[in-house]
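The values are calculated or read from the model by the stated rules, or taken from the named source; none is laboratory data. On a predicted model such as this, the values are computed, not experimentally measured, just so you know. For neighbour counting, all protein chains shown are included, and Cβ atoms are generated from backbone atoms with ideal geometry for every residue, glycine included.
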Amino acid sequence: MARKMIIAGGGTGGHIFPAIAVANALRKQEPDIEILFVGAKGKMEMEKVPQAGFPIEGLDIAGFNRSSLIKNISLPFKLIKSFFQVRRIFSAFQPDAVLGVGGYSSFPVLRLAQQRGIPSFIHESNSFAGKSNILLGKRATKIFVAAGGMEKFFPPEKIVVTGNPVRLSISDSKVSRDEAIRFFNLDPVRTTVLSVGGSLGAKSINEALDKKLEEWQKAGIQLIWQTGKPYAARAAERTVANPVIRSFDFINRMDMAYAAADVVISRAGAMAIAELRVVGKPCVLVPYPFAAEDHQTANAVALVNQHAALMVKDAEAGSELVSTTLQLATDENKKQELKKNIQHMAIADADQRISSAILEQLK
């Protein structure tokens with residue numbers, strides 16, 4: 001009889017794409033396994049997971065809103081409702097195990113699994129564990145982490161260091177630079193910079209690029225600019241007549257984008273860094289300063305200390321980002337140094353390590 005697995009979580013690409021990578025690895029190792037995703041209604045997983053070929057159930061759940069306390073009034077009711085929804089999902093699907101990857105929907109799913117004695121697994125991608133994962137970790141079967149040093153958050157005997165999964169389309173990509181440049185209709189002779197502010201965009205990066213758009217043309221350097229939906233219309237309007245800039249609200253073919261890029265501008269989330277290590281690109285990191293425990297800055301500094309990346313603080317992006325990036329784009333020696341050092345830090349098979357550990361535990 002086929003085993004059944006629920007994978008819960010989402011909210012951002014940093015949670016969704018690694019979860020899909022693990023689901024694909026599980027399916028590869030055990031082709032008849034049944035996998036059901038559980039996410040939050042209205043979040044991007046409800047679109048991205050079906051696109052990847054997996055079914056998903058949505059919960060009426062939301063996180064704590066720090067900017068508007070009045071919006072949190074309905075939170076307890078949504079949480080209670082989500083627990084009833086999870087009970088119905090469990091009754092219908094009868095999972096043999098669950099994996100939580102972070103995001104609002106992870107908590108009620110893992111909580112119920114633990115109450116019912118169903119094996120529960122956590123993937124903690126960051127160097128600072130979230131409060132709900134710390135709580136759930138006490139009763140989890142195994143906890144998969146990106147790197148060592150997580151004993152301060154979780155029981156040491158439950159920790160398995162796996163790295164962070166990178167989507168298969170990126171880790172297994174065979175796309176050439178020429179093919180990717182043609183895909184974006186760019187000039188193969190010019191240096192190309194890719195800017196990705198995460199799946200939802202990054203306001204400070206977008207504003208910094210917008211402020212100095214003419215600099216790219218002056219330098220003769222091309223820009224592939226993923227803006228996120230909130231900034232998409234503004235960027236499209238600003239770049240419509242600019243021959244060296246291509247703007248997109250979201251890039252589905254990130255394998256093409258990475259292959260085309262000679263330099264990458266990025267946030268410093270755990271998943272973004274995992275991808276940058278695997279593709280081995282010189283990068284300028286702009287850590288999101290409001291991440292829990294400022295973990296993005298810690299992620300970026302770790303790379304900077306290894307001479308594997310450059311960093312521009314979020315508050316200084318407006319004045320420093322474009323000049324720092326253009327300087328790097330024209331410095332071949334620096335690009336090669338960063339490329340070599342970031343490649344040494346890559347873990348390309350984290351998805352297989354996680355799926356193997358789950359299946360081994362279920363034997």
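Things worth noting here:
- Applying the condition of being among the basic types (Lys, Arg) and touching a Leu at 6+ places or on another chain (Cβ under 8 Å) to region 216-257 and asking which residue is nearest to Glu179 (Cα to Cα) yields Arg246.
- Of the helices (runs of 4 or more DSSP H) lying entirely inside region 283-346, those containing at least 1 residues that are under 30 Å from Ile134 (Cβ atoms), in contact (Cβ under 8 Å) with a residue 60 or more places away in the chain and not β-branched (Val, Ile, Thr) span 295-305.
- The residue of region 265-315 that is modelled with the lowest pLDDT, among those that are of a type in the set (Lys, Arg) and within 14 Å of the chain's Cα centre (by Cα), is Arg277.
- Residue that is within 30 Å of Ala357 (Cβ to Cβ) and of a type in the set (D, E, K, R), where the choices are Glu207, Glu151, Glu237, Glu214: Glu151
Residues checked against (1) of a type in the set (D, E, K, R); (2) in contact (Cβ under 8 Å) with a residue 24 or more places away in the chain:
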residue: Gly148; (1), (2): no, no
residue: Glu151; (1), (2): yes, no
residue: Pro155; (1), (2): no, no
residue: Asp172; (1), (2): yes, no
residue: Arg177; (1), (2): yes, yes
residue: Val196; (1), (2): no, yes
residue: Lys212; (1), (2): yes, yes
residue: Glu215; (1), (2): yes, yes
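- For region 163-174, taking the residues that are out of contact with any Ser or Thr (no Cβ under 9 Å at 6 or more places or on another chain) and either small (Gly, Ala, Ser) or surrounded by 12 or more Cβ atoms within 10 Å (Cβ to Cβ) (or both), the one that is modelled with the lowest pLDDT is identified as Leu168.
- Single match in Pro243, Pro282 (criterion: surrounded by 17 or more Cβ atoms within 10 Å (Cβ to Cβ) and over 20 Å from Gly13 (Cα atoms)): Pro282
- Search result, residues across region 124-146 that are in contact (Cβ under 8 Å) with a residue 40 or more places away in the chain and of a type in the set (Gly, Ala, Ser): Ser125, Ser127, Gly130, Ala146
- Residue within region 220-232 that is buried (at least 19 other Cβ atoms within 10 Å of the Cβ), in contact (Cβ under 8 Å) with a residue 12 or more places away in the chain and among the basic types (Lys, Arg) present: no
- Just one of the listed residues (Ala308, Ala260, Ala300, Ala272) is hydrophobic (A, V, I, L, M, F, W, C) and in contact with a His (Cβ under 8 Å, 6 or more places away or on another chain), namely Ala308.
- Hits in region 108-136 (condition: among the aromatic types (Phe, Trp, Tyr) and crowded, with 24+ Cβ neighbours inside 10 Å): Phe121
- When residues of region 10-53 are limited to those that are at pLDDT below 90, under 16 Å from the mean Cα position of the chain (by Cα) and small (Gly, Ala, Ser), the one surrounded by the most Cβ atoms within 10 Å (Cβ to Cβ): Gly10
- Take the conditions (1) in contact with a Pro (Cβ under 9 Å, 6 or more places away or on another chain); (2) modelled with pLDDT under 95; (3) crowded, with 17+ Cβ neighbours inside 10 Å; Ile181 misses just one of them, which is (2).
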